[in-house]
1. Please pick out the residue among Gly66, Gly78, Gly55 that is under 15 Å from Ala108 (Cβ atoms) and of a type outside the set (Ser, Thr, Tyr).
2. So which residues in segment 120-168 are over 22 Å from Gly65 (Cβ atoms) and in a strand (DSSP E or B)?
3. Within segment 128-168, which residues are hydroxyl-bearing (Ser, Thr, Tyr) and either free of Cβ contacts under 8 Å to residues at least 24 places away in the same chain or at positive phi (or both)?
4. Just the residues that are basic (Lys, Arg) and either surrounded by 13 or more Cβ atoms within 10 Å (Cβ to Cβ) or closer than 21 Å to Arg114 by Cβ (or both), please, taken from segment 128-168.
5. Among the β-branched types (Val, Ile, Thr) and either assigned to a loop (DSSP other than H, G, I, E, B) or free of Cβ contacts under 8 Å to residues at least 40 places away in the same chain (or both): which single residue out of Thr31, Thr45 fits that description?
6. Pro118: farther than 23 Å from Ile39 by Cβ and not aliphatic (A, V, I, L, M), yes or no?
7. Could you tell me whether segment 71-83 includes any residue that is over 19 Å from Ser120 (Cβ atoms), open to solvent by less than 60 Å² (accessible area, probe 1.4 Å), of a type in the set (Gly, Ala, Ser) and touching a residue at least 40 places away in the same chain (Cβ under 8 Å)?
8. Need the failing condition index for Arg117 against (1) within 21 Å of Leu151 (Cα to Cα); (2) outside any loop (DSSP other than H, G, I, E, B); (3) not aromatic (Phe, Trp, Tyr), just the number.
Amino acid sequence: AGRPHTKLFQEERERPMVHCIDLGPSLFFATRGALKSVIAARAATLLGWAAAARGDRIGGLLFNGGHHELKPRSGHHGVLRLIHALVEQTDPRQGLAARPDPGGFNQALIRLRRIARPGSLVFLISDFYGLDADTGNHLLHLRDHIDLVALQILDPIEAAPPPPGRYG
């Protein structure tokens, strides 16, 4: 056209944000402070309140052997529903009673593809101990249509174990 053009964009509102939270038995561990499951719940809650303040919709997929799905809802209703589900699912007696499911992480990713619509923002919160050879393919399929952010929850002893011979 021979002259510059500008285009103004408005920030997208009501964007779906989905929290995919691993609550397997390995998340019910701590050497100091809070259990990893509690830290994961706190992170999801803080992210949920930030999303609600921006006008986004909040949903979730909590998995611990079984799956608990929360379709995205607007504002504080979505966050409060997520918090209620997290309180129920982070009970250590229930979490430790669940059997470890080697394919549970991949099954959750398959379900996540159904829940998270294109353009969604997904926070995957886990210790990522359930990964296997197929997990990468599932993550690649997800990443094609959504924005994916992974948060790894580790206990301090997992990040820096004591030197050999010092176990007692």
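1. Gly66
2. The answer is Leu121, Asp147, Leu148, Val149.
3. The answer is Tyr167, and nothing else.
4. Arg143
5. Thr31
6. yes
7. No, every residue in segment 71-83 fails to be over 19 Å from Ser120 (Cβ atoms), open to solvent by less than 60 Å² (accessible area, probe 1.4 Å), of a type in the set (Gly, Ala, Ser) and touching a residue at least 40 places away in the same chain (Cβ under 8 Å).
8. Only one criterion in (1) within 21 Å of Leu151 (Cα to Cα); (2) outside any loop (DSSP other than H, G, I, E, B); (3) not aromatic (Phe, Trp, Tyr) is unmet by Arg117, namely (2).
The values are calculated or read from the model by the stated rules, or taken from the named source; none is laboratory data. Just so we're clear, the structure is a prediction, and the values are computed from it rather than from any experiment. Because the Cβ atoms are built from the backbone with ideal geometry, glycine has one as well, and the counts that use them run over all protein chains shown. Side chains are part of the model used for accessible areas, which takes the heavy atoms of the whole protein and leaves out ligands, DNA and RNA. Shrake-Rupley method; radii C 1.70, N 1.55, O 1.52, S 1.80 Å.
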